[in-house]
Amino acid sequence: MGTGPPVKTSEEKAKRKLSLPFLAPVHSLLAGWVGLTLWLLLLLLLALYPYTGVSSVALFVGSQIFVLVTLASNWNLIGGMTGYVDFGHAVFFGIGAYIMGILVTGSPLLISPEWGFWQALPASGVAAALFALLIGLPTLRLKGPYFSIAMLGTLVAMREIARVLRPFTGGGVGLNLPPLLNRLGDYYLMLAVMGLVVSIIWWIQRSQFGQSLIAIREDEIGAEMRGINTTLHKIVAFMIAAFFTGIVGGFWAWQNTYIDPDVVFVEARTVEMVMMSMLGGLGTVWGPPLGAVVIYFLQDLLWGSLFGVHLVALGVLLVVIVLFMPEGILGTLGDRSSTSLGRLLSRVGRSK
Amino acid sequence: MDQLLQALVSGLLLGGFYAVMVLGFSVIWGVMGVINLAHGEFLMIGAYMAWGLFRLFGMDPFASLVLILPLMFLVGYLLQIVLINRIVERPHLMTLLVTFGVSIALANLFKILFDADPRNVAVAYNGSVQLAGVTFPIVKTIIFGAALVIMVCLHLFLQRSRLGKSIRAAAQNKTAARIVGVDINRVYAITAGICIALTAAAGAMLSPTQAIFPFMGPPFTLKAVTITALGGLGRIPGALMGGMVLGITEIFVSTYVAGIGTNLGVATSFVLLVLILIVRPQGIMGGLRPIDAEAE
Amino acid sequence: MASDQQPLLEGHTVSKYFGGLAAVNNVDFAIYPGEIVGLIGPNGSGKTTLFDCLSRLQNIDSGKVFFKGRDVTRARPYQVARMGLTRTFQSVRVYRKMTVHRNMLISHQWRDTSILSMLQPSRASTAQRAYQLLDFLQIRHLADEEAGHLSGGQRRLLEIGMALMPDPDILLLDEATSGVNPTLIETIKDRIRTLNEQGKTFLLIEHNINFIADLCSRVYVLNYGEKLAEGTPQKILQNEAVIDAYFGA
C-alpha cells in the first residue's frame, strides 16, 4: 500500500547503511542532459575505435557487448521502469530471429525473391512489437508473479510452436541463413542500435510518459485513478521493448547464420537480461548498460573457455544477486531512480 | 465414438500422472508461499536417476523409487535449509527469481554432465493391452495406479499424522503454529523434502514413457502452474481434478487438431492458464492469493 | 440545493456484491454542483466500496452512475478522472519514493495527452501550479522531501493536493481526517471550505461527526450497504435509525 505504518524491511536498513547519498547530485546530473552528452561522447569514441586498427575479434566482441546492452536496456523498460518482471522477454528475440530467418532464406514460405537483410531487419522488430501487442493485451492484465509466469509460458509455448510449424520454421532442424561475414558492419549496426535504444530510454525516463510508467510501477491503481491510461502505457512500453529486442534477435540470427527453437527461444537469455538489469540497477538509465558490460567481462574472465558452464553460473549468479545485492550497482551507489528489487518485489507481492 | 472414448481414457491416464506430478509444486506453494520454478528440473533429476539406475543395475524405474524417494527427500531437506528458508515469507517475485535461477543452473548442469542427447528407459513391459476396444498402455496405467496410491498416502499423512497436522497448521497460520510449538523451519524442510521426493518420483515413473533430456523441465513447471490454478493450492482432490482437466484437454487437442496438435501441450496449457487467471485471478477453485487484492 | 439543477454525480440503484454479500445495495443518490455532501455509516457499511464504484475501481454489478449527465457505469477509472472526478484513499496512496512535487506532477500528466507532450518533461506552468497548490495546502516547504518522509497528516494534505492538480469538478475524500492531528484537521476543513467557495463539489466519507456537521449541507447514511437515511446533518444526528445503527445493539 502507499502508506500504513512504515515497515522497514531488513533490506531497506541494509540499503541505508550502504547508500552513498553524497552521490545523489551526480545521479541527477547523469539523468539530465549531462548524461546524454557523455553518452553521445562515448558513442563517438566507440565509433572511432575501429580506426585504431583493431582485429576483427575485437569488433565481434564489441558487437556482442552492444547486443547485451541493448537487451538489458530493453528489458529494463518493461521490467525495471514499468515494474512488470518479464520472464519471457526472450520470446521477442526469438520472433525477431525467426522473422529474419524466414524472410532472408525465403524458402519455407516460397518468398521470392528473398528479402535482403536491410528489409528484413525492421520487419523483425515490427513482428516482435505486434506479437507484444497480441500477447500483452491479456498478460499485462495479470499482476506480479502471474505476469512473470505467463510470459515464461509464452516463451516455452512459442518454442513448442516453432518446433511444430515445420513448413515455416524448419522445425527442430532450424534454418540456415546465408553467411555473409562483415564484422565492421555488424559493429557499426549494433553500435547504432544500442546508441538509439539507450538514448530513447534516457528520453523516456525524463518524459511524462516515463514518469507515468514509474507511477504505474509504484502504484498502478493510484496511477489509473490519477488519470493515467495504464493499459495504453503498459502496452506501448511493452511494444517498444519488444521492437528493439526483435531487432536484436534478427541481427543475432543474421550474425549467427543458424537458428533453431532451442537457441533462440531460450530461458537463459531472459535470465541474462533480468540479471544485467538487476545488477546495474532496475529502473535507471545507466544501470542496465553497466550491468551488461560487467556481466560480459565476468563471463569472459571466469568461465569463458568452458562451454556451457557459464549458463550454470548464470543461474547461480541470479540467485546470489537476488539474495545479496537486490539494489544493483547504481542503487547501492545511492541513485534514487533505482528501484530496489526488494521494494519492487514487495510492492507487487504485498498481499502475501 | 471409439476415438472419443480412447481420447477420454488417454486423457484420464495422463491426468493421473499430472496430478501426482503437481503435488510437490502445489504443496510447496500452499505451505510456504514459494512458487517453485525449478519444479520441472527436479522431475528431470528424478528421470535421470531412474535412467542411471536402470542402465547401471537394470533396476526397474518403479522399483528404483525405493532409492530415489529417500535420496531426493534429503536433497529437498537440505535445499530448504540452505536456500529456500532464506526466501520464504518474502514476496512471490523474489522466490520466483531465485527458483528461476536454480532451474537454469540445474538444467545446464545436467547438460554438462549428460550432454543434451535424449535418453530412454526401455522397460520390457512397454506394450499395451486392449480392453473393450480401448488401448491401455501398460506403463501409463501403472503410473495412474501409483498416482492414486501416492495421493491417498499423502492425503492420509497430511490428515492423520502429527507431522502432517503440523504442516497444515504451518500452511494456515504460521504465527499460531509457532505459538503452539511447531518448529516452522523443520516443518518446512520436511515439507520440501517430501515435495521434492514426490516430484522426482513422478519423473522416475515418467522415464519409461518419454525421452529424458536436460531441458525437459520447464513444460512441466508451466503445466504445474496451470493445474494449480485449476485445482487450487495444496489440495489433493484439487490436484487430481486439475490434472484430469489438463490431461483430457491436452489429449483432445492432440486428437482433434490435425497434424500438429500432438506437440502443443505447453501452448494448450498456456492458453488455459492465461484464461483462468484473467477470468478468475484467485484460481478456479479459489485459494490462489489474488495478488492485486487491496488490503482495506 | 435547488432541485431543478442537473446533478453533477448521480446514482440509480447502485449495487455491488462480493460473493453473495451485498456491499452496496440499491443505493440512490444525487450530488449537485457546489455541494459538500457527507457519507457516513458504521465500519463495513459499504462507504469505501461505494467510492470505489464511483471512481470505477470496482465494477458496479447493477444500477447506473451518471457524471455530468453522462453514463459512466462502465467507464475506466482514468476516464472518470479525466472527466473531473478525483479522489483520495482511506489508506493514503502517494508515491512514497518520489518527492512531494513529483507526486503533484504525476497527477497532472494526462492534461497534455498529445504524443508530443507525453514525450516532454512536465511543463514549467504545471510545475508552477503544483507549487501554488502546495502553498495553498501549506506544505510548500516540503516540496523536495520524499513523500515517504511526511507525517500522516501531511500525506493526507498531499493527496488532496494531488486530487486538486487536474482542477476537478468533484473531489471524493475518503476519511481525510483520520490519523490527522487537530490543528491540521482545522487546516483541512478550512481549505475544503475555501475550495467549495471557488466552486468545487465534495463528497466526504467521514467518521468525525463534528467535521461533517461543520461542513456538509447534506448527509447520506449507509448501513449494511443500504441507504439508511439522508438529510441535513442536524436532522440526521437526531434520526433514531441512525443512532441505532451507530450505538444500538
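The values are calculated or read from the model by the stated rules, or taken from the named source; none is laboratory data. This is a predicted model, so every value here is computed, not measured. Positions of Cβ are generated from backbone atoms using ideal geometry, with glycine treated the same way; all protein chains shown enter the neighbour counts. Protein only, heavy atoms only, side chains kept; ligands, DNA and RNA dropped before computing areas. Shrake-Rupley method; radii C 1.70, N 1.55, O 1.52, S 1.80 Å.
Observations
- Members of region C:12-32 that are within 15 Å of the chain's Cα centre (by Cα) and crowded, with 23+ Cβ neighbours inside 10 Å: C:Ile31
- Hey, A:Leu103 open to solvent by 30 Å² or more (accessible area, probe 1.4 Å) and without any contact (Cβ under 8 Å) to a residue 60 or more places away in the chain or not: no
- Among the residues making up region C:111-168, those that are over 24 Å from A:Trp202 (Cα atoms), more than 10 Å from chain A (Cβ to nearest Cβ) and in contact with a His (Cβ under 8 Å, 6 or more places away or on another chain) are C:Arg129, C:Ala130, C:Tyr131, C:Leu134, C:Ala143.
- The residue that is nearest to the other protein chains (Cβ to nearest Cβ), among those in region A:218-234 that are farther than 17 Å from C:Met162 by Cβ and not β-branched (Val, Ile, Thr), is A:Asn229.
- Count of residues meeting criterion [over 25 Å from the mean Cα position of the chain (by Cα), at the interface with chain B (Cβ under 9 Å from one of its Cβ atoms) and closer than 30 Å to B:Ala38 by Cβ] in region A:146-196: 2
- Scope region B:136-167; condition free of Cβ contacts under 8 Å to residues at least 40 places away in the same chain and open to solvent by 70 Å² or more (accessible area, probe 1.4 Å); matching residues: B:Val149, B:Val152, B:Cys153, B:Leu156, B:Gln159, B:Arg160, B:Arg162, B:Lys165
- Considering residues of region A:66-90 that are within 14 Å of chain B (Cβ to nearest Cβ) and under 8 Å from the mean Cα position of the chain (by Cα) only, the residue nearest to A:Phe265 (Cα to Cα): A:His89
- When B:Val27 is tested against (1) over 19 Å from B:Leu148 (Cβ atoms); (2) open to solvent by 10 Å² or more (accessible area, probe 1.4 Å), exactly one condition is not met: (1).
- Helices (runs of 4 or more DSSP H) (entirely within region B:182-296) containing at least 3 residues that are modelled with pLDDT of 85 or more: B:184-206, B:217-231, B:236-256
- Restricted to region B:35-76, and to residues there that are more than 14 Å from the chain's Cα centre (by Cα) and in a loop (DSSP other than H, G, I, E, B), the residue that is surrounded by the fewest Cβ atoms within 10 Å (Cβ to Cβ) is B:Gly58.
- Qualifying residue in region A:259-278 (condition: closer than 30 Å to A:Leu29 by Cα and free of Cβ contacts under 8 Å to residues at least 60 places away in the same chain): yes
- All positions within region A:130-145 that are facing chain B (nearest Cβ under 7 Å) and either over 15 Å from B:Met94 (Cβ atoms) or in contact with a Phe, Trp or Tyr (Cβ under 7 Å, 6 or more places away or on another chain) (or both): A:Pro138, A:Thr139, A:Arg141, A:Leu142, A:Lys143
- In region C:220-241, the residue that is most open to solvent (accessible area, probe 1.4 Å) out of those that are of a type outside the set (Asp, Glu) and under 19 Å from the mean Cα position of the chain (by Cα) is C:Lys227.
- Yes/no for A:Leu77 being surrounded by 15 or more Cβ atoms within 10 Å (Cβ to Cβ), free of Cβ contacts under 8 Å to residues at least 60 places away in the same chain, part of a helix (DSSP H, G or I) and not charged (D, E, K, R): no
- Within region A:240-282, the set of residues being modelled with pLDDT of 85 or more and outside any helix (DSSP H, G or I) comprises A:Thr257, A:Tyr258, A:Ile259, A:Asp260, A:Phe265, A:Val266.
- On the stretch given as region C:84-98, residues that are farther than 13 Å from C:Ser151 by Cα and among the β-branched types (Val, Ile, Thr) total 2.
- When residues in region C:33-68 are screened for being of a type outside the set (Lys, Arg) and open to solvent by 40 Å² or more (accessible area, probe 1.4 Å), 9 of them pass.
- Check on B:Ala171, open to solvent by 20 Å² or more (accessible area, probe 1.4 Å), touching a residue at least 40 places away in the same chain (Cβ under 8 Å) and not polar (S, T, N, Q): yes
- Restricting region A:205-216 to residues that are open to solvent by 10 Å² or more (accessible area, probe 1.4 Å) and touching a residue at least 24 places away in the same chain (Cβ under 8 Å), the residue that is nearest to C:Gln58 (Cα to Cα) is A:Ile214.
- Positions within region C:140-159 being open to solvent by less than 10 Å² (accessible area, probe 1.4 Å) and assigned to a helix (DSSP H, G or I), in sequence order: C:Ala147, C:Gly153, C:Leu157, C:Leu158, C:Glu159
- Of the set (1) touching a strand residue (DSSP E or B) at 6+ places or on another chain (Cβ under 8 Å); (2) surrounded by 19 or more Cβ atoms within 10 Å (Cβ to Cβ); (3) of a type outside the set (Lys, Arg), all apply to A:Ser124 but (1).
- Number of residues in region B:88-126 that are open to solvent by 10 Å² or more (accessible area, probe 1.4 Å), more than 8 Å from chain A (Cβ to nearest Cβ) and more than 30 Å from A:Lys143 (Cβ to Cβ) equals 14.
- Only listed residue being touching a strand residue (DSSP E or B) at 6+ places or on another chain (Cβ under 8 Å), of a type in the set (A, V, I, L, M, F, W, C) and surrounded by 17 or more Cβ atoms within 10 Å (Cβ to Cβ), chosen from A:Ala90, A:Ala97: A:Ala97
- Among the residues making up region C:101-139, those that are open to solvent by 20 Å² or more (accessible area, probe 1.4 Å), under 23 Å from the mean Cα position of the chain (by Cα) and of a type in the set (S, T, N, Q) are C:Gln132, C:Gln138.
- A:Tyr258 more than 14 Å from chain C (Cβ to nearest Cβ), surrounded by fewer than 24 Cβ atoms within 10 Å (Cβ to Cβ) and in contact with a strand residue (DSSP E or B) (Cβ under 7 Å, 6 or more places away or on another chain): yes
- Qualifying residue in region C:78-94 (condition: among the small types (Gly, Ala, Ser), modelled with pLDDT under 90 and open to solvent by less than 20 Å² (accessible area, probe 1.4 Å)): no
- Residues of region C:217-249 that are part of a helix (DSSP H, G or I) and touching a residue at least 12 places away in the same chain (Cβ under 8 Å): C:Pro233, C:Gln234, C:Ile236, C:Leu237, C:Ala241, C:Val242, C:Ala245, C:Tyr246.
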